[in-house]
Every structure is written in C-alpha cells, then in structure tokens.
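Participant: Here's a structure for you.
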Amino acid sequence: MHATRKLWTWLAVICATSFAVLGWVGTEIYLTAPPIPKQVISTTGTVLFSDGQVQRGQQAWLSAGGQQLGSVWGHGSYLAPDWSADWLHREALALRAVWAQRDFGKPFEQLSMGQQGDLNARLKGEMRRNTYDAATGVITLSPERTEAVQQVIKHYTDLFGGAPALDKLREQYAMTAGTLPDPADLRALPAFIFWSAWAAATDRPHETDLSYTSNWPHEPLVDNTPTAGAGIWSIASIIFMIAAIAGMIFYHSAAKDEGDPAPPKKDPLFDLKPTPSMKATRKYFYVVIGLIMAQVGMGVVTAHYAVEGQSFFGFPLAQILPFTVSRTIHTQFAVLWIATAWLATGLYIAPAISGHEPKYQKLGVNLLFYALLIIVVGSTAFGWIGSLQHLGNNFSFWIGNQGLEFTSMGRIWQILLFVGLLFWVLLLGRGLMPALKTPSESRGLIAMVFLAALCIGGFYATSLTWGQKTHYSMVEYWRWWLVHLWVEGFFEVFATAVIALLFTRLGLIRAVTANSAIVLETIVFLFGGILGTLHHLYFTGTPTFVIAIGAMFSALEVVPLAMIGIEAWRNYGRSKSAPWVQTYKWPIMCFIAVGFWNVVGAGLLGFSINTPIALYYMQGMNMTAAHGHAALFGVYGMLGIGLLLFCLRGLSPREAWSDRLAQLMFWSLNIGLAMMVFMSLVPAGIYQAWASITKGMWFARSPAVVHSDFMETLVWMRVPGDVVFAMGTVFLAWFAIRLLRGGRESRLALTGQEVIS
C-alpha cells in the first residue's frame, strides 16, 4: 500500500507539471502566433484584403467543409489540396511569370538558365521578406507580387464559386460547384488562404530562413526546407526512445513478478444478476453496432470519392451526400460509437462492482441514452442540412458542421454533449461510491476508473474553448487537447483500468498487482502523452521549442506500447487458464487485438510519422491515414467491441451466444483492417512521401499524384480489405440480433413455465 501511495503521488506530480508546461506553451503560442493583418496592400495603394477578411475567410472555409475539404498547415482531409501549399506554389509561379514577361518578354520556361536562375533567386528573397508592420497591422506587397496574388485570388474565387472552366478540377478535389454562394464569403476566403501561405513562407521577425510555420510546407521555389532543429530533435527523440524502452525492459526484468493466481474453479460472474440499470445499458450497445455499420458505409463512399469525386459508380451522389458530409460522418461516428461503448461499459460495471443499485439509476441511464441519441441524430442531420443548403457561417458554427476534424458538431451540440458527459460521471460515481468507500484490494483500480471518467467528462470542456474568430493556431492548439488528450489520453486510462478490473473480478490477475501496475502504466503513458500532444503542433504557427518538446515526449508515447505486446501474450495465456474462461474467449481476444494494434498501429505506424523530420514531409498524407485507421479502430475500436461483448455476455442468455459468429466477426475485422492498411494506405503514403520529398508538398497533394494511375489503383486495392472488414460488421450485427432473439425466446419460455406452474 505504501508503494502504491508513492505511485499515486508521482502520478499527481507528473500530471500537474505536464499540464502546467502545456498551458505555458499555449500562452506562448498565443503571443507569438503569425500576426493577422488589418490590411494587405500594394506599395501603390491597391487594397487586396481589408480588416476582418482573414477571420471571415477562416469562417467561410470552415463552413464550406473546412478540414473535411483539404487542409490548412497539413491538418484535414487528403483528397483536395493543402490550401496553404497550393496557394504558395501558385503565387510563386505567378510572380515568376510576371517578372519573366516584364523583364524579358517571354514565358519563364523559354528563358535561359542564367535568366531563370536570376528570377529564382529574386523569388526567394521576395517571398521570404517580412513586410508586416506591427504598428499599423499592414502587410505591404510589391506591385508585381500584387498582380500575382490577384491571379491566385481569381483562381480561388472561380474554384469555390461556380466557374464552369474548373468543373474538372472540382471533381478531382471532390468539391461541388457553388461551394461558397455568399459573395462576401467568396471574397474573404482568399484572404485566409493567402495569410496561411504567407505565414508558411515569410521569415519570422529578426530571423532568417525560418518561417512562422518552421518552413512547412516543403516548397523548393521559396527555400522552404526543414530546419536544423527538425533534424536534430528527430535524432535526439529516437535515441531517447531507445533508451527509455531499454530502461522499461530493465525495470520489468528486475521487478519481482508474483505471477497470476490460480483461477477459480468456476466463473465468478456466472451467478451475477443484472440490475435494472445494467439491463438498461443493453440498448446502448445495439446503437453502437448501428453506428459502426453507418460509419463503415460512409467510409466506403468517402474512399470511392478518391476515384469519382462527385459520383458513386456513376450515380451523382454528391448532390445529396457530398464528400465533406460523408467524411464528417465517417470520422465523427468513429469517435461517437467508441465513446458510447465505453460509457455504457462504465454504467454496466458500476453496480456489478459495488453490488449496489442507486435509486433512480435506471431512469438516469435511460435519460442519458435518449439525450445522447438526440445529440448524435441532431448534430448529424443539422450538419448535413447546413452543408447542402449553405446556411452560412453562424449556422455552421452553432448548430451545423464546424468543419474541424473529429470535433465537427456545432457548438450547441458540444455544450449538450458536455452536460451529458458530466451526467454520465454522476451516474458512474453514484454506482461506484459504495465500492470507493469500502476498503478493498480493488479500491485503487475502482478509483482509477472513476478519476479517468471524471477527466473524460471534464476535459471535453476543451471543445468549448475556441470561438468563431479565434486565431487558427489557437484553434488547433485547443482542438488537439480534445482529440489527443480526451480520446488518446483519458479514454486510454479508463479502458486500461476497466480491463484490469474485469480480469480482477474474474480472478485471473491479483488485485494488489493490478493496482500498482495500472498506476505505473498511467504514469508512463501520461508522462509522454500529455506533452506528446505537441507533436501535432510542430508546423501550426508555434514557437520552435514546440518541435523540441513535442519530439522528445511523443517518443516516450511509444515506450509503454513496447510492453503491451507482452501483456497481450499474457492475456492469451489467461484465456486458457481454466475451462470456464473460454466463455469469455472473444472479449479477451479483442483485448489481445488491442495489444497487437497498439504495437503496430499506434507504435510502429505512429512513430513512423511522429518525428519532426518525418512529419515535415508526410503531414497531411496517407501515412497519417494508415496510422489513424490502425490506431483508432485497431486500438480503441477493438477495445470498444471487446467491452461490448463482455457486457452483452452478462446481459444475454448464454445459450444464445454464438462463438462461431464472434470468431468470424473478430477475424474479419482484424484481417480486413490489416489488408486495408498495408495493401492500400501505407503504399499510398510512401508514394506521396516520395512526391513531397522530391518536388514539394503541393505536388504530393496535387491531382497529378492523387489521381495518378498508381494512386487510383491503390484506392481500388482497398476494396478486398473493405469487403472483408464490412463482413465483420455484418457478423457483429448478426451476432447481436441472435442474442436479442435468444433473449426474447428465453423470456417467452420462462413466462410459459410460470403460467403452467
């Protein structure tokens, strides 16, 4: 107990210190973020952009789909361009062409090598020179650059408007004509994209060859190349990671392992009678399965848009389900069904652990269910309608689609979800309170479950921190608090503690051992995970020290994953420790799959893009998608399904359980995911990385690459894996329907027996 108290103390110190540093970093980002100009004018007085247009352009882009329609500074979807890189390249080419015609009367391509070299050198100096005046808030451009910017403005106005000449390009970008019907939005959008590109190439004050985004994206035309710090901290992080893994292995090899206890003779949970509130959680799990199938369906449509940008096998689907909507639903439902599975698990296990059913607990569970259902349906429907009807910036922000990846629902729905999560914490706390008050060997585990739940509820408040006019760098800072810390942080702790608690209740691991192990794992995970959040912010207009902190601490995130494979193997052994444990085989197999995908998806694929030098060339490309699919579904999704199976085991008649369907579901999902990732997404990511390294980010995301024969072939290579994966969801639904029908038949049989008696 003394050792465990010391671990809890260390956990508190590490969390407090890490969040203090993360908060300090936020203040520095706020103070040093790329300045937003009041005006962009030429030296001759021509006004290109006026006060407030950059902020309105940001709102317009987000309401048009935002991070579901291309990306800015590398964050967003992968089919349309990264608009920062696209603008930067187009402006550089246009400026060079203006000079060539003015000075030599010829297109740039017809000039001699010496003339081209002279213009290339002049281009770098012009594009990197910082002409922002902090006193007036004005960016001043030369007349020639003004002419180049005007050309790019016309291109973007035509693209986001309805110019027929760009219909083919819009199809390649999976855009629809008239994306921004409001003339004021259409005029403001280029201001935001120009500003994002200006910040990407312009040197910071008192610096040389260092832009506000640390020279991201790679663009040889303007000397945007990786900084020395990106390379040095990448090397340092790899060395640090290897040393930390070695230390972890040494610690575990030196620590005394008491081994697992002898398993009980029979299932300790066999006689567990579900309480009314536990039974009320059953409908959560069926909604989870429905959301999974809807998410997979939207994933199929979204992937197909990479070949036919506005159609689905010839049917003009984009008229009613554009890419921005299908991808929003696909990403949003992924988070929602995983979260729902975990929330329901918490509500199910609370009375089972404490042996106490609080008054009105069933009513609370039912109220929360319908509230969550309203939030899911409402946010999806209004986001869809707002996107189709172009209902404007205010509608998108407050009730429609905010355009931010993984946290796209409107602000009203976010507030309601935050209230719902706090209500869930209250319900969970009421259920666990008797167990928390009673001294026992498992109390530490129960406390960890409740604290993780408290953080899940409380930290969702970070979704409420940005407003419509918040600086884009700060929007990204707070968004990653939510996406990384909420999903990848506290949900991970919650799930790990729940699994340990389940194994403890089954008598397969010692409670004392589990108490210390969970606190230690949480320390290791959060020590790297909290400040590891910064690896998402290397190139989003942040100070250069963000690269150093993010690189070193994100490397530590890999350390606990190195031991998860060993834990997965132990779990496999536990699944064979006694004959009755076979009744939990497939939930345990899901937990084993979590270990595998933690190592492969979160560890190998995650670290392959986490170092600054790797992410510099691969941010916003398919290697990120490979990591995202393998980690989000492989780790969190399989964990959610494992918890779902465990709870349904206790909520359903055992004779209705089908190990055969569970087996088909398990292997279909995992094999399909592996095929999807390694036959399609990883090769596509490697190909795009080559394109980015050789010619620049703009090229890697251009139609020449994205719609090349090779890339479209890789899209079709997803089909076998997608089919196998989709069959896994069908088996899961079939399995659940069988349980539901079996339960009804059992109740009818029981009713008949009562009538006879």
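The values are calculated or read from the model by the stated rules, or taken from the named source; none is laboratory data. Bear in mind that the values here come from a model prediction, so they are computed numbers and not experimental data. Using ideal geometry, Cβ is built from the backbone for each residue, glycine included, and neighbour counts are taken over all protein chains shown. Heavy atoms of the whole protein, side chains included, go into the accessibility calculation; ligands, DNA and RNA do not. Shrake-Rupley method; radii C 1.70, N 1.55, O 1.52, S 1.80 Å.
Participant: Would you pick out the residues in segment 307-353 that are of a type in the set (Val, Ile, Thr), assigned to a helix (DSSP H, G or I) and more than 18 Å from the chain's Cα centre (by Cα)?
Facilitator: Selection gives THR345, ILE349, ILE353.
Participant: Then there's this: Which members of segment 692-724 meet the condition of being within 18 Å of VAL301 (Cα to Cα) and open to solvent by 20 Å² or more (accessible area, probe 1.4 Å)?
Facilitator: Within segment 692-724, HIS707, GLU712, THR713, VAL715, TRP716, MET717, ARG718, VAL719, PRO720, ASP722, VAL723, VAL724 qualify.
Participant: Something else: Inspect all residues belonging to segment 587-597 and state whether any of them is open to solvent by less than 20 Å² (accessible area, probe 1.4 Å) and under 16 Å from PHE678 (Cβ atoms).
Facilitator: Yes, some residue in segment 587-597 is open to solvent by less than 20 Å² (accessible area, probe 1.4 Å) and under 16 Å from PHE678 (Cβ atoms).
Participant: Could you check GLY650 against (1) closer than 24 Å to CYS590 by Cα; (2) small (Gly, Ala, Ser); (3) in contact with a Leu (Cβ under 9 Å, 6 or more places away or on another chain); (4) open to solvent by less than 10 Å² (accessible area, probe 1.4 Å) and say which number it fails?
Facilitator: (4)
Participant: So which helices (runs of 4 or more DSSP H) stay within segment 647-729 end to end and still have 2 or more residues that are within 30 Å of LEU93 (Cα to Cα) and at pLDDT 95 or above?
Facilitator: Where helices (runs of 4 or more DSSP H) fall fully within segment 647-729 and carry at least 2 residues being within 30 Å of LEU93 (Cα to Cα) and at pLDDT 95 or above, they are 682-694, 697-700, 703-706, 709-716.
Participant: Then there's this: Can you name every residue in segment 8-42 that is under 22 Å from PHE525 (Cβ atoms) and open to solvent by less than 20 Å² (accessible area, probe 1.4 Å)?
Facilitator: LEU11, SER18, LEU22, VAL25, GLY26
Participant: A further question follows. Return yes or no: is PHE104 surrounded by fewer than 20 Cβ atoms within 10 Å (Cβ to Cβ), under 23 Å from GLY696 (Cβ atoms) and in contact with a helix residue (DSSP H, G or I) (Cβ under 9 Å, 6 or more places away or on another chain)?
Facilitator: Criteria not met by PHE104.
Participant: Okay, moving on. How many residues does segment 620-638 contain that are over 17 Å from GLY728 (Cα atoms), of a type outside the set (Gly, Ala, Ser) and open to solvent by 10 Å² or more (accessible area, probe 1.4 Å)?
Facilitator: Counting residues in segment 620-638 that are over 17 Å from GLY728 (Cα atoms), of a type outside the set (Gly, Ala, Ser) and open to solvent by 10 Å² or more (accessible area, probe 1.4 Å) gives 4.
Participant: Every residue in segment 45-67 that is open to solvent by 30 Å² or more (accessible area, probe 1.4 Å), of a type outside the set (S, T, N, Q) and more than 33 Å from the chain's Cα centre (by Cα), please.
Facilitator: Within segment 45-67, GLY45, VAL47, ASP51 qualify.
Participant: From THR544, THR513, THR522, which residue is open to solvent by 30 Å² or more (accessible area, probe 1.4 Å), of a type in the set (Ser, Thr, Tyr), in contact (Cβ under 8 Å) with a residue 12 or more places away in the chain and touching a helix residue (DSSP H, G or I) at 6+ places or on another chain (Cβ under 7 Å)?
Facilitator: On the way: THR513 fails: touching a helix residue (DSSP H, G or I) at 6+ places or on another chain (Cβ under 7 Å); THR522 fails: open to solvent by 30 Å² or more (accessible area, probe 1.4 Å).
Among THR544, THR513, THR522, only THR544 is open to solvent by 30 Å² or more (accessible area, probe 1.4 Å), of a type in the set (Ser, Thr, Tyr), in contact (Cβ under 8 Å) with a residue 12 or more places away in the chain and touching a helix residue (DSSP H, G or I) at 6+ places or on another chain (Cβ under 7 Å).
Participant: What pairs come out if I take residues in segment 323-335 that are under 15 Å from VAL288 (Cβ atoms) and touching a residue at least 60 places away in the same chain (Cβ under 8 Å) and pair them with residues that are open to solvent by less than 20 Å² (accessible area, probe 1.4 Å) and not in a helix (DSSP H, G or I) whose C-beta lies under 6 Å away, six or more apart or interchain?
Facilitator: Once the first residue is under 15 Å from VAL288 (Cβ atoms) and touching a residue at least 60 places away in the same chain (Cβ under 8 Å) and sits in segment 323-335, its partners that are open to solvent by less than 20 Å² (accessible area, probe 1.4 Å) and not in a helix (DSSP H, G or I) give GLN332/SER408.
Participant: Looking at segment 662-691 only, could you name the residues that are more than 22 Å from VAL307 (Cβ to Cβ) and either surrounded by 20 or more Cβ atoms within 10 Å (Cβ to Cβ) or of a type in the set (Lys, Arg) (or both)?
Facilitator: Across segment 662-691, the qualifying residues are ALA662, MET665, PHE666, SER668, LEU669, ASN670.
Participant: A follow-up question, please. Considering only segment 503-561, state which residues are among the hydroxyl-bearing types (Ser, Thr, Tyr), in a helix (DSSP H, G or I) and within 24 Å of the chain's Cα centre (by Cα).
Facilitator: Correct list: THR522, THR533, SER554.
Participant: I've got another one for you. Please enumerate the residues belonging to segment 376-413 that are touching a helix residue (DSSP H, G or I) at 6+ places or on another chain (Cβ under 7 Å) and of a type in the set (A, V, I, L, M, F, W, C). So that I can check it myself, show each step before the final result.
Facilitator: So in segment 376-413, the residues touching a helix residue (DSSP H, G or I) at 6+ places or on another chain (Cβ under 7 Å) come out as 376, 378-380, 383-384, 386-387, 392-393, 395-413.
Across segment 376-413, the qualifying residues are VAL376, TRP384, PHE395, PHE397, TRP398, ILE399, LEU404, PHE406, MET409, ILE412, TRP413.
Participant: Follow-up question, since we're still on this one. Filter segment 139-187 down to residues that are in a loop (DSSP other than H, G, I, E, B) and in contact with an Asp or Glu (Cβ under 8 Å, 6 or more places away or on another chain) and give me whichever is most open to solvent (accessible area, probe 1.4 Å).
Facilitator: Filtering segment 139-187 for residues that are in a loop (DSSP other than H, G, I, E, B) and in contact with an Asp or Glu (Cβ under 8 Å, 6 or more places away or on another chain), the one most open to solvent (accessible area, probe 1.4 Å) comes out as ALA177.
Participant: Also, quick follow-up: Provide a single number: the residues in segment 354-368 that are open to solvent by 20 Å² or more (accessible area, probe 1.4 Å), of a type outside the set (D, E, K, R) and part of a helix (DSSP H, G or I).
Facilitator: 4
Participant: If you scan segment 226-243, which residues turn out to be touching a residue at least 12 places away in the same chain (Cβ under 8 Å) and either assigned to a helix (DSSP H, G or I) or surrounded by fewer than 18 Cβ atoms within 10 Å (Cβ to Cβ) (or both)?
Facilitator: Looking only at segment 226-243, we keep the residues that are touching a residue at least 12 places away in the same chain (Cβ under 8 Å), and these are 226-227, 229-231, 233-234, 236-238, 240-241.
Listed by number, the residues that qualify are PRO226, GLY229, ALA230, GLY231, TRP233, SER234, ALA236, SER237, ILE238, PHE240, MET241.
Table: residues versus (1) closer than 28 Å to GLN295 by Cα; (2) not aromatic (Phe, Trp, Tyr).
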| residue | (1), (2) |
| --- | --- |
| PHE545 | no, no |
| ALA551 | no, yes |
| LYS585 | yes, yes |
| PHE591 | yes, no |
| THR611 | no, yes |
| ALA631 | yes, yes |
| ILE641 | yes, yes |
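Participant: Also, quick follow-up: Please indicate, with yes or no, whether at least one residue in segment 118-129 is part of a helix (DSSP H, G or I), without any contact (Cβ under 8 Å) to a residue 24 or more places away in the chain and either in contact with a helix residue (DSSP H, G or I) (Cβ under 6 Å, 6 or more places away or on another chain) or of a type in the set (Ser, Thr, Tyr) (or both).
Facilitator: yes
Participant: From (1) open to solvent by less than 40 Å² (accessible area, probe 1.4 Å); (2) at pLDDT below 95, pick out the condition that doesn't hold for TYR78.
Facilitator: Going through the list (1) open to solvent by less than 40 Å² (accessible area, probe 1.4 Å); (2) at pLDDT below 95, TYR78 breaks only (1).
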